[in-house]
Amino acid sequence: MGMALRANEIQAEVFYKFAPLYRPQRIKICRGGRAGMKSHAIAEALLFQGIERSLRILCTREHQVSMSDSVYRLLVDKIDLHDLHANYEIKANTIASRTNDTEFVFKGLRHNIGNVKSLEGFDIVWVEEAAYVPQKSWDVLMPTMRKSGSEVWASYNPDAANDPIHVMAEGDRPDMVVIETNYKENIWLSAEMEAEAEFCRINDPDGYAHIWGGQVRSRSDAQVYGGQYVVEPFDPQRTWHGPYFGLDLGFKKSANALVKCWIADRRLWIEYEAWGRQTPLVKLPDLLRTVPEADRHTIRCDNARPE
């Protein structure tokens with residue numbers, strides 16, 4: 001019981017959002033941007049639960065050529081950090097408990113999918129970098145975890161909206177919990193990582209939303225100004241041309257978008273923006289009024305219908 005208390009203390013110290021990892025649930029998914037502590041929290045939760053009760057834990061990912069490709073090193077680092085050497089024996093290819101039958105096994109899915117089918121006796125499978133796991137591997141892995149009370153844990157940085165793990169996480173399964181986190185909630189974030197994130201936020205907003213914000217990739221060739229803008233505070237100057245107001249009227253699923261902008265130094269400066277998807281016509285004036293002075297200037301707009 002003493003170790004269970006310590007596990008709860010560390011859980012609270014690390015991050016309150018990861019508390020669901022310590023409660024029974026068939027599917028547990030941790031997702032978000034870089035430096036969100038997803039893998040660290042999972043590694044600690046598995047190690048402490050493996051002390052409290054005997055667990056067979058499969059740590060896997062789509063590609064694992066050697067142990068260096070696995071979460072083995074992370075688990076070893078956590079054993080060192082929390083001084084759990086009296087509880088765990090670190091072997092060349094596995095990590096085993098010294099006090100019960102808990103064991104961590106490491107296998108890649110791509111080249112071991114046939115062997116994974118035979119691993120039905122595992123209590124927990126942890127799929128790291130789950131965004132790179134194709135549907136074929138999930139179709140084998142999910143029914144393999146058939147033991148009563150068995151759980152599937154997954155951690156990933158969102159990539160594409162149609163990735164199988166992202167489609168699963170966006171679903172409404174009653175036996176699933178999805179934990180979302182990013183670097184802003186990391187109390188141990190280094191100054192270097194924070195600076196990297198801030199630089200990305202200013203110079204590559206789309207990349208920032210994906211890499212650090214944990215959003216699916218959104219940049220495409222269809223974006224007129226993709227990669228050509230920065231986000232930073234500014235004050236319009238008296239010598240600037242403007243303000244100009246531009247409105248794009250949406251149609252069906254397209255968004256209505258209004259901007260207040262200026263022109264100076266061969267640049268377009270967007271001071272305010274407002275948008276709404278499928279905004280009812282009677283609500284459109286309310287949307288436009290959220291941009292200061294929009295009701296006192298000419299607003300240039302296009303037709304909603306392409307013809």
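The values are calculated or read from the model by the stated rules, or taken from the named source; none is laboratory data. Being a predicted model, the structure only gives us computed values, none of them experimental. A quick note on method: Cβ atoms are made from the backbone with ideal geometry, for glycine too, and the neighbour counts reach across all protein chains shown. Side chains included, ligands, DNA and RNA excluded: accessible areas come from the protein's heavy atoms. Shrake-Rupley method; radii C 1.70, N 1.55, O 1.52, S 1.80 Å.
Tell me the relative contact order for the chain as a rounded percent, counting alpha carbon contacts under 8 Å between residues six or more apart.
Relative contact order, the chain: 17 percent.
Mind checking which of V140, W153, A169 is farthest towards the positive end of the stretch 120-211's charge dipole, using Cβ charges of +1 (Lys, Arg) and -1 (Asp, Glu) about the Cα centre?
Going by the Cα projections, it comes out as V140.
Taking the Cα atoms only, what angle lies between the long axis of helix 72-81 and the longest principal axis of the chain, rounded to 10 degrees?
Rounded to the nearest ten degrees, it is 80.
Which number do you get for Rg(Cα) / (2.2 N^0.38 Å) in the chain?
1.28
Per the 1.4 Å probe, what fraction of the accessible area of the stretch 126-199, in percent, lies on carbon and sulfur atoms?
The computed percentage sits at 51.
Over the chain, what is the percentage of antiparallel beta bridges among all DSSP beta bridges, to the nearest 5?
45
Please report, in debye to the nearest 20, how large the charge dipole of the chain is about its Cα centre when each Lys and Arg carries +1 at its beta carbon and each Asp and Glu carries -1 there.
760
Take the Cα atoms of the stretch 50-201, find their three principal axes, and give me the spread along each one in whole Å, biggest first.
46, 38, 32
Give the angle, between 0 and 90 degrees and rounded to the nearest 10, that separates the Cα long axis of helix 38-52 from the longest principal axis of the Cα atoms of the chain.
Helix 38-52 sits at roughly 30 degrees to that axis.
Leaving out ligands and nucleic acids, and using a 1.4 Å probe, what accessible area per residue does the stretch 62-219 come to in Å²?
Solvent-accessible surface per residue comes out at 51 Å².
Structure shown: which of K28/K184; K184/K260; K17/K78 lie over 24 Å apart, alpha-carbon to alpha-carbon?
As for pairs spanning more than 24 Å Cα to Cα, those are K184/K260.
Compute the helix-to-body angle for 135-144: its Cα long axis versus the longest principal axis of the chain, expressed 0 to 90° and rounded to tens.
With both axes taken from Cα atoms, the answer is about 40 degrees.
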